[in-house]
Structures are given as structure tokens and as C-alpha cells.
1. For the pair T137 and Y206, what calculated FRET efficiency results from E = 1/(1 + (r/R0)^6), where r is the Cβ-Cβ distance and R0 = 45 Å, to the nearest 0.05?
2. Which one is right for this structure if Cα extents along the principal axes in Å is calculated from it: (i) 83, 47, 32; (ii) 62, 43, 38; (iii) 75, 45, 37?
3. What FRET efficiency comes out for the pair K265/L115, r = Cβ-Cβ distance, R0 = 51 Å, nearest 0.05?
4. Figure the gain on full extension for T249 and T167 (residue separation times 0.36 nm, minus the Cα-Cα span) and round it to one decimal in nm.
5. Under 20 Å Cα to Cα from K59, which aspartates and glutamates show up? Leave out anything in the same chain fewer than 8 places away.
6. Hey, can you grab everything whose amide H is under 5 Å from the amide H of A232? Only 5+ residues off in sequence or another chain; H modelled, so Pro and N-termini drop out.
7. Residue by residue through the range 275-283, which ³J(HN,Hα) values in whole Hz follow from phi under the Karplus form 6.51 cos²θ - 1.76 cosθ + 1.60 (θ = phi - 60°), with glycine and proline marked x?
8. Quote the FRET efficiency, to the nearest 0.05, computed for I154 versus K217 with a Förster distance R0 of 30 Å and r equal to the Cβ-Cβ distance.
Amino acid sequence: MLDKFKKQQNWIISLSFVVTVYLVFFFNVDITRYRIFQELWNLGHIILFIGINYFVYKKLVNPLKLPIIIELLLIIISSCVIGYTIEILQTFTGRNKSNYDVLLDMVGGGVAFYLFSKKLNVTRGYLKYGLSFLVLTFTIVSLYPMYVNVVDAINQNNDFPVLLSNTNKREITRLKIDKTEVAVIEKKISGVLSHVLKITFNPAKYPTVGLQSFNEKWTGFNSLVFSIYNPAPISSVIIMRIHDREHKTNNFEFNDRFNYRIKLKTGWNKVRVNLAKIKSAPLNREMNMDKIEGLMFFKINLKNPETLYFSEIKLIK
């Protein structure tokens, strides 16, 4: 009866391993546009590495009869090596490497050690509780960024049609930055204490800040509005671009998106963009206003650092 149970356990773990590998490497449906789905998807790394380390422990680690601390180190190190190898292989399928995914792989290794280590199960006293506490703490700390993203995704949904309110530092998780530095702060500007997004554009060809996580359904609204404070004594220029999901299939062509050159005088600059102009911006089609995917701000050929302050960004009717 026990042998039959072990065979069933092996089959279940093997099947879960095969399915997870398929999802990681070959599943092409993009459910990861939404951050909560993204974080649930990321949990698959933990599940995958629980399965991988079941076999690593059973076939490689356990037969060596090593001290329990060495067992744990081997499981964590093997998870890191295998995880990073998978991330490199994924680049050949069109996906990017992610250090956070490797960290989740190591979490899976730690959980596998807790579940499958025979020495841990028979160990008593402080050593068992200490190792269990170590694995639990490592798991909680590693999952904290996931928690932050999920909480902000819920707040983001509740705040809509405000895309960025600058009232919570978690909102930074909505941004993708390249050659820029960002911070959500309170700052006294023109005698008024304001919640602003501080963006420092560093010298580069295209220093960019992209708002990549927001409600993509803009139908029913008339305008996109926000203000930018320019503290410099001279005028400046920033480019805003907006694109929908179809823009990817059109090879990110310049004429297939909305491009807007904003000239900034010293002080506050109010910006109001008619969504009808955004909809009609692509050269050979209309932009899908229910599938807006990217809102970006960037500089061109910047020679010196420039700092700008953004008010809340929102849609209005």
C-alpha cells in the first residue's frame, strides 16, 4: 500500500513538473498584462522548484548522507543555478531574464527542503525550529515585493480614472524606468504642499519613464490631464507617447502611436490631451481605446540631468 502511494506521489509531482515547464517556456497567452495575474503566474516558479527539488533531494542530496545544514545549502544553491539557467534559456523564446524569478526559484527550493528533508523531519529541538524559521523568514521576505504589487494593483483599480495619484510610494511599482530616477514625494511648490512624482532624467539618448500598469479601457473619457512643474530657469521639452496593444504587432512603428512634444516653461505647465487625437494618431488605423497599453515620457539626447515634477495623471469626461 505504501509503495502504491509513493508511485502515485511520484506521478503527481512528475506531471506537475511537466505542466509547469510547458507553461514557463511555451505558453504564449499573455495573461500577465494584469499585475495580480502576473504575481499569481510568478508563484508558478515556486511550484516548479518544489517539484524540481523533490527529485534533486531524492536522487542527489539524500543519498550523500550530508549534515542537515549542508543539505539546505545544496538545495538553495542548486535552485539558484538551475533557475538562472532557465532564465538564460528563456531569452531564446523571446522572454527577458528576471533576477526576482530566480529568487522565487530559491524559495521553491527552501520549501522543498522543508517538505522533503528526512533529517529535518527527525530533528528535534532548536535546530529544527531554527531551520524552519529560516526557511519561513526567507519565504516571507522574498514574497514581500509580490505583496506590494498586489496591494497597489487593488488600489490602482479603486483609484481609476486616476492613473497615478502620487499619494502612495507603492505607486512606483507601476513605472518602468530607463536612465531615470523616480520618487513619490510631498514638496512645497509655489507655496503649496503637493503630492508629486519626482523624475530625474539622466544623460542618455532616450531617458524614459513609462507608466506600464493601469486600467487600459479609456473609452468613455474625453481627455488625459496632468501638470508638470519645471524648476529650471529655462524652458524644456519632453516627449509623451501612448500606444495600444496592437502597436506591438505593427513593429512599434513611429507612425502607429500617439507622439506629443510638450514644451515646458519655468513653473507649472498644465497639459490636457483630447483622447480623440490619441485615437486617430496611428497612420493606417484607429487606436483601440479599450486596449491602451503604454504611456511614456522621455527626453532625447539629454546632455545634463533634468528634474521634473508631475502632478496626478488622470482621465476626465
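Values in this text are rule-based calculations from the coordinates and carry no lab data. A quick note: this is a predicted structure, and the numbers were derived from the prediction, not measured. So basically every Cβ, Gly included, is an ideal-geometry build from the backbone, and we count neighbours across all protein chains shown.
1. Plugging the Cβ-Cβ distance into 1/(1 + (r/R0)^6) gives 0.65.
2. (iii)
3. Calculated value: 0.25.
4. My answer for the length gained is 26.0 nm.
5. Cross-link targets: D3, E71, D105.
6. For A232, whose amide H was placed from the backbone, the distant partners under 5 Å are G267.
7. 5, 5, 5, 5, 4, 8, 5, x, 5
8. 0.95
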